[in-house]
Amino acid sequence: MREPNEAGPVHRYDAIIVGAGFSGLYQLHLLRDRLGLSVRVLEAAEGIGGTWYWNRYPGARCDSESYYYSYSFSRELEDEWEWTERYPEHGEIRRYLDHVADRFDLRRDIQLGTRVAGATYDEAANRWTVTTEVGERFEAQFVIAAVGCLSSANVPAIPGLESFAGAWYHTGRWPHEGVDFSGKRVGLIGTGSTGIQATPVIAAEAAHLTVFQRTANYSVPARNGPMDESFKAWVRENSEALRRKAREAPNGHPFDLSDRSALAVSAQEREAIYEAAWDRGGLRFRAAFRDIMLDRDANETASAFIRGKIRSIVKDPEVAETLTPRDHLFATKRPPIDTNYFETFNRDNVTLVDLKSSPIEAIVPEGVRTRDATYPLDVIVFATGFDALTGPLLGLDIRGRDGLTLKDVWAAGPKSYLGLQVPGFPNLFTMTGPGSPSVLTNMPVAIEQHAEWIADCLLHLRERGLDRIEAMPEAAESWGAEVNRAASATLLPMASSSWYLGANVPGKPRVFMPYAGGMAHYRGICERVAAEGYDGFALR
Ligand code: N01
């Protein structure tokens with residue numbers, strides 16, 4: 001962390017970008033190298049990488065495949081970088097982002113170890129003042145919040161945590177030196193994507209692993225493995241087509257969505273299609289039929305197939321039943337993919353605890369106490385997710401026109417125009433914010449679209465001698481209605497415990513946050529808005 005500097009000078013820039021993950025890096029490159037703006041990136045971490053700087057838990061790797069979970073803006077970058085595995089492991093993604101930072105000479109404008117404490121808009125000056133927690137002050141005309149969607153760790157307020165005699169960690173704040181589980185009794189709380197990735201890896205190392213499950217989850221095998229030479233060659237040869245496909249797809253993944261309904265084929269044919277999708281593995285399981293995310297009965301066929309797989313993999317029928325999701329449909333919560341997750345419950349050193357029948361009451365010095373038992377532990381791992389989408393933005397203490405705080409404006413849930421701007425906060429852009437497709441897509445596709453849209457917008461302002469852009473309240477209202485409409489056209493809002501709805505954080509408003517209308521459709525809307533002179537925004 002940097003030293004306090006309260007009496008220091010005010011640093012003036014055209015734009016401040018908060019965050020040096022995928023979004024911040026590309027936004028810096030565009031604003032500085034394409035538009036020639038003076039830009040400072042402020043990053044709390046001591047290294048670049050955003051979510052990948054923090055998420056170093058055992059088994060952490062991306063659920064999108066490496067050859068398209070990467071930037072597409074530079075063919076040279078693409079040609080010179082080789083991924084080693086089908087799904088990139090966290091360290092490899094950091095090496096990639098480090099390479100990007102070096103290759104585009106980004107580091108000189110990134111200030112690490114700098115946590116933003118506040119951002120306040122001064123209407124008379126039409127400038128933002130950004131302060132850091134050690135009192136540094138920056139002024140800029142534009143602020144771009146590139147703080148990520150899943151970066152605000154959610155550690156549940158379980159009574160007694162401070163009394164725990166062992167060590168505890170949240171997966172999203174994992175120690176860089178790693179954690180040695182050998183000979184330890186480990187408790188893991190949470191069975192989302194993170195817990196499902198971490199479980200097999202921790203079980204292989206620990207003396208004993210106890211998995212505390214509140215909601216049973218569907219998971220499809222990732223089928224990770226090395227990228228062999230022929231696959232690499234295929235990716236290289238088809239690179240442009242794959243990137244185009246990703247951009248034109250509803251979710252930023254370059255896969256074909258089946259044009260068939262799960263209900264329009266015989267049971268035998270459906271089973272064969274699901275088997276093939278299971279064998280191929282990965283998030284594209286959802287694309288096996290066109291209506292898995294749209295029609296309850298269609299989805300039920302996929303859900304039932306996975307439930308059957310759980311039964312066939314897990315040897316103890318009681319454990320299998322506890323692991324079987326029955327309270328929501330497949331992929332209505334973000335679907336995890338795994339490497340031997342269900343198989344891990346066949347190990348002698350793994351215990352599953354069903355928190356639905358016996359909730360956690362307290363953490364005690366010796367471990368976790370549920371209603372029915374106390375589990376002695378040396379280490380507790382919280383794989384309990386994030387205060388998603390709004391958490392990282394609200395953490396910045398943003399104050400707009402007339403002292404309006406983002407916290408107050410979003411008290412009943414986030415409202416924004418296109419997930420890009422909030423009325424009352426001129427010249428502030430939220431990258432992949434609530435109301436944009438963000439977490440429902442392969443993130444780099446959403447990120448590149450936002451970074452390019454924002455850069456084009458600033459260029460538009462400059463070319464016309466304009467200095468301010470602000471979303472209009474009625475535009476944000478009608479966009480909010482569109483976000484709701486798009487979500488209701490899918491099965492997504494049906495999962496009442498989903499973090500898409502904010503349900504994982506006690507007291508958080510239940511609002512479906514991302515835009516479910518599809519990435520390509522959304523891109524078209526943003527392009528139309530820009531082409532119509534930034535329709536819905538007030539320009540000055
Ligand atoms: O978090 P989650 P995550 N007591 O919120 C449980 C992305 N990601 O870190 O479902 C007991 O999904 C909670 O239970 P419930 C991906 O988008 C990406 O796993 O609320 N349990 C749930 O089981 C993903 O969706 C990659 O009932 C408690 C779990 O903790 C997102 O990050 C890899 C609890 C939290 O699951 C978040 O995933 C990993 C409590 N008090 C993650 N509070 C990639 O590959 C919460 N839980 C890119």
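A compact table of results
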{"quantity": "Residue match in the range 278-295 (condition: farther than 30 Å from Tyr69 by Cβ, surrounded by fewer than 22 Cβ atoms within 10 Å (Cβ to Cβ) and within 16 Å of the ligand (Cβ to nearest atom))", "calculated": "no"}
{"quantity": "Neighbours by Cβ (under 8 Å, 6+ apart or cross-chain): first from the range 202-224, among the acidic types (Asp, Glu); second within 14 Å of the ligand (Cβ to nearest atom)", "calculated": "Glu205/Pro58"}
{"quantity": "Given (1) free of Cβ contacts under 8 Å to residues at least 40 places away in the same chain; (2) within 16 Å of the ligand (Cβ to nearest atom); (3) open to solvent by less than 10 Å² (accessible area, probe 1.4 Å), index of the condition Phe382 fails", "calculated": "(1)"}
{"quantity": "Of residues in the range 84-110 being touching a residue at least 60 places away in the same chain (Cβ under 8 Å) and not charged (D, E, K, R), the one nearest to the ligand (Cβ to nearest atom)", "calculated": "Tyr87"}
{"quantity": "Residue selected from the range 44-98 under the condition β-branched (Val, Ile, Thr) and closer than 21 Å to Thr194 by Cβ, by the criterion surrounded by the fewest Cβ atoms within 10 Å (Cβ to Cβ)", "calculated": "Thr51"}
{"quantity": "Residue check for Leu394: within 30 Å of Ala125 (Cβ to Cβ) and open to solvent by 10 Å² or more (accessible area, probe 1.4 Å)", "calculated": "yes"}
{"quantity": "Residue match in the range 203-214 (condition: under 30 Å from Glu43 (Cβ atoms) and not hydroxyl-bearing (Ser, Thr, Tyr))", "calculated": "no"}
{"quantity": "Matching residues, the range 460-502, being within 22 Å of Asp408 (Cβ to Cβ) and within 16 Å of the ligand (Cβ to nearest atom)", "calculated": "Leu501, Gly502"}
{"quantity": "Matching residues, the range 454-472, being surrounded by fewer than 15 Cβ atoms within 10 Å (Cβ to Cβ) and part of a helix (DSSP H, G or I)", "calculated": "Arg462, Glu463"}
{"quantity": "The range 164-192, residues that are out of contact with any strand residue (DSSP E or B) (no Cβ under 8 Å at 6 or more places or on another chain) and either within 13 Å of the ligand (Cβ to nearest atom) or among the aromatic types (Phe, Trp, Tyr) (or both)", "calculated": "Trp174, Gly192"}
{"quantity": "Matching residues in the range 205-238 - criterion: being of a type in the set (Gly, Ala, Ser) and touching a helix residue (DSSP H, G or I) at 6+ places or on another chain (Cβ under 6 Å)", "calculated": "Ala216, Ser219"}
{"quantity": "Odd one out for Leu77, checked against (1) of a type in the set (A, V, I, L, M); (2) in contact (Cβ under 8 Å) with a residue 40 or more places away in the chain; (3) touching a Lys or Arg at 6+ places or on another chain (Cβ under 9 Å); (4) away from the ligand (no atom under 12 Å from the Cβ)", "calculated": "(2)"}
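The values are calculated or read from the model by the stated rules, or taken from the named source; none is laboratory data. Only a predicted model underlies this, so the values are computations on that prediction, with no experimental measurement involved. When we count neighbours, we look across all protein chains shown, and the Cβ atoms used for this are built from the backbone with ideal geometry, even at glycine. SASA here: full protein model, heavy atoms, side chains in, ligands and nucleic acids out. Shrake-Rupley method; radii C 1.70, N 1.55, O 1.52, S 1.80 Å.
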